[in-house]
Amino acid sequence: MEALRAYLALVGFGENGWGKALLTATAMTCAVAVAGFLTGSIIGTLVAWAKLSRSPLLRGFGTTYTTVLRGIPDLLVIYLLYFGGSAALGTVAGFFSSDGFIGMPAFVTGMLAIGIVSGAYQAEVLRGAFLATPRGEIEAAKAVGMRAGTMLRRIVAPLVLRLALPGLGNTWQLVLKETALISVTGLVELLRQSQIAAGSTRRPFEFYFTAILLYLAITWVSTLLFRRAEDRTMRGLRRAA
Amino acid sequence: MDPIFMWETFKVLLGGLPLTLNLAATSVLIGGVLGLLLALGALAGGRPARAFVAAYVFVFRGSPLLVQIFLIYYGLGQFRPALQAMGLWGILREPYWCAIIALSLNTAAYSSEILRGGFRAVTIQQIEAGRACGMSGLLLMRRIVMPIALRHALPAYGNEIILMVKATALASIITLMEVTGLAGKLIAETFRAVEVFVVAGAIYLSLNFALSWALSRLEHRLTPHLRPRPVPFAKVSPHA
């Protein structure tokens, strides 16, 4: 009981509690995950479009993109963006006669790294969903004289999203867990904040344990949300079972 | 892009490859066995066993591997006197063993779900056919259930192995100098992020290509019954 009370004081909202800091960091984790996931959706759509295009050059590019980014560790991509981006920023700043190291903003690094990696996974999900849409629906849209833009908005996008939703849900869970790696750039998200708290209180177990609980809470809530979204997009469809 | 620098980088990074392979192979082996036990527990165990496996899978798949590594490496250090008394401190103070424990426990959760799917693909007819031939218990398991289940699980399990090779990169954060660790160190020293990234990326890609090639060969070998039959040569009798 005494141990539990000490633990709750440590991670709680009292005078010496880290509760507020941990919750702010959890919000930062969610923010960088959402920003990265949306960046990844844009990249993923473009790459899926490239992989489905008739041009061999674009297809080659799309295949290379998805193969390379799914085959190398995410940490390498983060290092590339953080150090490579900082070096590039330093060069640009050099023109304006500023000197010294300019750090790439950690949030932007995280957003881009997550976007670039999850873009490869989202591209595969979207491509699979597009290939699974019934051809008849697209032919019907053409038959009633829809233009490409209208057809994309009214027919293709809703159908693809419905089929892609479970896969996108999986990618979102990957993205959430990948945000922990962004802590290496110094962005104060959940893991970095736990490291800071663990270092300052010398109670690493309590803080990493709490971090795991908070991550589980986020993944659990997002599972529920995605399930509801799936149910919603399946309205009006008869199911086999 | 400086070829001489890249060649030097390649030689440095190659020094980390044995550790990368060691971490991946050891944790896939331990995690595979644990995953098999968990899958069997979920399928054949009672209610408590099923609940335990479900909770295990939820925790290890729902939180980032890096936090799991930190909890084991830094978190357990807090209980040093107790661990010393149990004789476990010798293992838990080594970053190598902490990485192996975290990677194995993590992949066990994913493997158990993959294997559970494989076991569920064994149809009741196949089991009945085995029983009709007089097999039961371990013999049925070894000859019928396991081969069908493992064959079914192989493609997804192959993906998990490749994910594990990528996951070993996280061990670099607890000071293990495998390929990514050496790459990060080189980038921080030289600030030539692009060149080092290209070389390190190429090492991981070739490793994963080799792995997926080997896995597809294995899958091909294990599924002769799914391939179209070779067209037999027409028998031409010389005397006809």
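The values are calculated or read from the model by the stated rules, or taken from the named source; none is laboratory data. Note that this is a predicted model, so its numbers are computed, not measured. All Cβ positions, glycine included, derive from the backbone under ideal geometry; neighbour counts span all protein chains shown.
Quick notes
- Enumerated helices (runs of 4 or more DSSP H) restricted to region B:33-120, each holding at least 1 residues that are more than 30 Å from B:Ala149 (Cα to Cα), out of contact with any Ser or Thr (no Cβ under 7 Å at 6 or more places or on another chain) and touching a residue at least 40 places away in the same chain (Cβ under 8 Å): B:65-70, B:95-120
A quick yes/no check of all residues on (1) more than 13 Å from chain B (Cβ to nearest Cβ); (2) within 24 Å of the chain's Cα centre (by Cα):
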position	(1), (2)
A:Glu139	yes, no
A:Ile155	yes, no
A:Arg162	yes, yes
A:Arg202	no, no
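- Residue check for A:Thr39: touching a residue at least 24 places away in the same chain (Cβ under 8 Å), closer than 24 Å to A:Val184 by Cα and not hydrophobic (A, V, I, L, M, F, W, C): yes
- The criterion of at least 1 residues that are out of contact with any Pro (no Cβ under 9 Å at 6 or more places or on another chain), basic (Lys, Arg) and farther than 30 Å from B:Ala188 by Cβ is met, among helices (runs of 4 or more DSSP H) falling completely within region A:124-241, by A:135-143, A:157-178, A:204-233.
- Of all residues in region B:91-112, those that are within 16 Å of the chain's Cα centre (by Cα) and at pLDDT below 95 total 0.
- Restricting region A:189-200 to residues that are in contact with a Ser or Thr (Cβ under 8 Å, 6 or more places away or on another chain) and of a type outside the set (Ser, Thr, Tyr) leaves a set whose member that is nearest to the other protein chains (Cβ to nearest Cβ) is A:Leu191.
- Residue ID - surrounded by the most Cβ atoms within 10 Å (Cβ to Cβ), chosen from residues in region A:9-57 that are at pLDDT below 90 and in a helix (DSSP H, G or I): A:Val11
- Restricting region B:154-186 to residues that are more than 12 Å from every other protein chain (Cβ to nearest Cβ) and part of a loop (DSSP other than H, G, I, E, B), the residue that is surrounded by the fewest Cβ atoms within 10 Å (Cβ to Cβ) is B:Thr175.
For (1) surrounded by 16 or more Cβ atoms within 10 Å (Cβ to Cβ); (2) touching a residue at least 24 places away in the same chain (Cβ under 8 Å), each residue gets a yes or a no:
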| residue | (1), (2) |
| --- | --- |
| A:Arg59 | no, no |
| A:Leu75 | yes, yes |
| A:Ser86 | yes, no |
| A:Phe107 | yes, yes |
| A:Glu124 | yes, yes |
| A:Glu139 | no, no |
| A:Val144 | no, no |
